[in-house]
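Down below is the structure, laid out as structure tokens.
Readers should treat all values here as calculations from the given coordinates under stated rules, not as data from a laboratory. Since this is a predicted model, take the numbers as computed values, not measurements. Cβ sites come from the backbone with ideal geometry, for glycine too, and all protein chains shown count toward neighbours.
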Amino acid sequence: MKIRVWVLLLPIALGLACTEQDRRSSGGHTIDASAFDEIFADFVTSNGPGCAFAVSHAGQVIETRAYGSANLEHAIQNTPETVFEPGSVSKQFTAAATVLLALDGEISLDDDIRDYLPEIPDYGEVIEIRDLLNHTSGLRDWGSIAGIGGWPRTTRIHTHAHMLDIASRQRALNYPPGQYYSYTNTGYNLQAVLIERVTGQTFEEFSQERIFQPLGMTKTQWRDDFSEIVQDRSVAYRRNSDGSWSQLMPFENVHGNGGLLTTVGDLLKFTHNLDTGATVGGPAFVAHMHQQGVLNSGREIDYASGLRVGEYRGVREVQHSGSTAGYRGHLTRFPDQEIAVSVMCNAASANASSLAHSVADLYLENTTDEQLVPIDGIELPIDKLRSFTGRYRNTRTNTAIGIVLSDGILFLHESNFGMADPGGSPLTPVSETQLEASALAATIEFENASPGKRASATYTIDGDAVRLAPVDDFAPTISELAAYVGEYHSDEAEVTYTIAVRDGALAILDRYDRGLTLNPIYPDAFSVRAEIVMTGSLGTISFRRNDTGRIDGLNLSQGRVWDLRFERLQ
């Protein structure tokens, strides 16, 4: 077992807060400590895990605070120097390494990934390295496939060898490269492997030499060996139903997609360099890192190299959030105001993104008068509102969404699990045919319906438009359910599922005879709630029929895996 002891090169304050003089915003006003305590109220007095955050202006740290416990068993408190994992915030570091390698002339971002990663099947179209950076590769998410196979992340020690094995078994992409944006960890794990193969160094060695050490990120490293002793590392937790806490640690060695061990202060050192490039990379590096992806259609997406580029409250923002096991993280930067905020938590219940933006609000309040503008809706007759209701099939992924009417208000349910579920996003009519979900920054535009038929619609979110087809309610009888009973196998996920009728409903059973109920959502399609200990989130199962009408297989779709094929064995 390795032990790494950190040597701090500069004196630091290990207290929970900086001085009043240090606590000054870009506008020159002091933020009272009680404002931060209010934001982190859930962690101020709790005997549970918590968070740390830091704020910088023009590259200088002006606030650091910490709340809650880093280790509940030993009653060790979080401090600004506590080491956390920020989940997918790590992706910008992986992207930075890839961009630096391209600037070195060792690779081109236009290169075919199979030049370096021949294990990836030839799908007949080139996947470029920049597709990995922008999540436009079409590659399925290896962790989702592992979950479908019965071993979701946090339940076994996943490695890059395992990731490559899963990726090499996929016979299809979610879509042709560059056609859509679809978030997938696979692309970022592959970048880490690619860098090792090109440089002959470990990804950790390359990152230390080119990024961490030059920037003075003395408490940052990749979690390439989860068993390594890391000084000041917090333990991640999740809350149980009885209010107690359990550990939820990332016991795996995959990294590049996540797996960064760091502090809130070190994160700010990196993000400041993204403003200037003064220490690492120079102007060309900064430009590459902020270059947003462009789809084959010409549409620019908000995702750049591990960064999301957009606006918040009317000001330009560059940010990314993340979660790994019970860790949560968010790193955001407002370039025009020179304000940056980093938040990391070791509580799975923490919303790091909301916390980071609440902290940022304290510093942005005097920098912009532009606020979120309420939508001006129109009133429609109740019968018109009722005509929008029902379930719709996403024609791209075969997942289902529902629109329900409650107390005169329309709600959008993106869940497959039944439109009686609580929650949902309010929909505001803005015309006779268009609804807007402000919480999702999404719109639904309905076509003209034929007499006696429900209308199809176009669902647009983040500029991406997908067709929604109305589907009928589906309530199969016990005898009709019998047609689906059998065993179904996927070589790509290396798993066989048994479909059976139990307690009057269709159920999916794994190899240990653990069963989950399949909920009918539209003809020949079912959704399933899944416990994380079994298979992760299974999503939508669509059964396939042959020319005679017999069920001969099924396709499984969820957020990061589309149409994974299973063949019927009996």
Any aspartates and glutamates whose Cα falls less than 15 Å from that of residue 453, other than same-chain ones fewer than 8 residues away, would be 383, 472, 473
Here the Kirkwood hydrodynamic radius of the range 382-471, Cα-based and in Å, equals 13.0
Whole-Å distance, taken between Cα centres, linking the range 126-164 and the range 431-456: 35
Packing rank of 290-300, 141-151, 224-234, where each peptide gets the mean count of other beta carbons within 10 Å, highest leading: 141-151, 224-234, 290-300
List the equivalent ellipsoid semi-axes of the chain in whole Å, largest first, each obtained as the square root of 5λ for an eigenvalue λ of the Cα gyration tensor. 40, 29, 24
Subtracting the Cα-Cα distance of residue 183 and residue 112 from 0.36 nm times their residue separation yields 23.6 nm
Could you give the angle, 0 to 90 degrees to the nearest 10, between helix 186-199's Cα long axis and the longest principal axis of the Cα atoms of the chain? 50
Determine, for each peptide in 257-268, 174-185, the mean count of other beta carbons within 10 angstrom over its residues, then list the peptides with the highest first. 257-268, 174-185
Percent relative contact order of the chain, based on C-alpha pairs within less than 8 angstrom and at least six residues apart? 14
So for each of 128-139, 54-65, 95-106 I average, over its residues, the number of other beta carbons within 10 Å; can you give me the resulting order with the highest mean first? 128-139, 54-65, 95-106
Nearest 10 degrees is fine. How inclined is helix 352-364 to the longest principal axis of the chain, computing both from alpha carbons? 50
Beta bridges by DSSP in the chain, antiparallel share as percent, to the nearest 5: 95
Can you give me the Cα centroid spacing of the range 94-123 and the range 287-346 in angstrom? 22
With axes computed from alpha carbons, what is the tilt in degrees of helix 264-276 against the longest principal axis of the chain, rounded to the nearest 10 within 0 to 90? 90
Output the Kirkwood hydrodynamic radius of the range 478-568, Cα pairs only, in Å rounded to one decimal. 13.2
